[in-house]
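Here's the structure we're looking at; comments come further down.
The values are calculated or read from the model by the stated rules, or taken from the named source; none is laboratory data. Quick caveat: nothing in here was measured; it's all calculated off a predicted structure. When we count neighbours, we look across all protein chains shown, and the Cβ atoms used for this are built from the backbone with ideal geometry, even at glycine. Quick note on the areas: whole protein, heavy atoms, side chains included, nothing else; ligands and nucleic acids left out. Shrake-Rupley method; radii C 1.70, N 1.55, O 1.52, S 1.80 Å.
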Amino acid sequence: MLDIRPLGPRLGAEVLGVDLKDLDDVTFAQIHDAFLKHIVLVFRDQDLTMEQFLAHGRRYGPLRPHIVRKSRHPVLPELMIMDNKIIDTKKGSADKPEANLVKRGAVWHTDTSYDYVTVKATQLYARVIPSRGGDTLFSNAYAIYDALPEALRNRIENLQATYK
């Protein structure tokens with residue numbers, strides 16, 4: 001049975017009682033609503049193939065390959081394979097996709113903020129998890145903006161940025 005447990009007052013929820021390989025439309029709609037409300041969802045103890053992982057992501061909308069071509073999976077270009085230890089490698093192949101591993105997330109960033117139309121979400125699937133620690137952090141930019149003094153919000157509300 002689906003159980004959605006908030007992890008904090010403004011960000012994150014743990015989704016329990018589901019197998020992402022076998023979600024009916026009603027359950028997915030509840031999960032999607034939770035995503036819109038909590039921004040970050042955690043699904044523990046899932047056992048997904050790469051294809052099943054991508055199929056789940058497609059339920060939220062179209063997937064786009066990352067701009068960095070060398071980090072794309074050689075057969076499934078919508079999938080970026082990441083590692084937090086490997087700095088760079090040669091291009092992998094279908095039978096050795098781990099050769100595509102590239103160190104990502106070494107600095108604070110917003111995924112695809114450089115695109116004209118940014119993505120709706122980023123989906124991560126941890127295959128190896130440290131016994132403690134880890135360095136994947138998330139922030140709620142809506143809450144940060146809402147916490148700004150009104151005068152500052154008024155001053156910046158019409159500003160835009162362009163990557164060159």
What does the charge dipole of region 16-75 about its Cα centre add up to, to the nearest 20 debye, if the Cβ of each Lys and Arg holds +1 and the Cβ of each Asp and Glu holds -1?
-> 580
Counting Lys and Arg as +1 and Asp and Glu as -1, what is the net charge of the other residues whose Cβ lies under 13 Å from the Cβ of residue 120?
-> +1
Taking the simple approach of a point 7 Å from Cα along Cα-to-Cβ for both residue 49 and residue 78, what is their distance in nm?
-> 1.5
Listed residues 111, 22 arranged by accessible area, highest first, probe 1.4 Å | 22, 111
FRET efficiency for residue 33 and residue 161, Cβ-Cβ distance as r, R0 = 30 Å, nearest 0.05?
-> 0.50
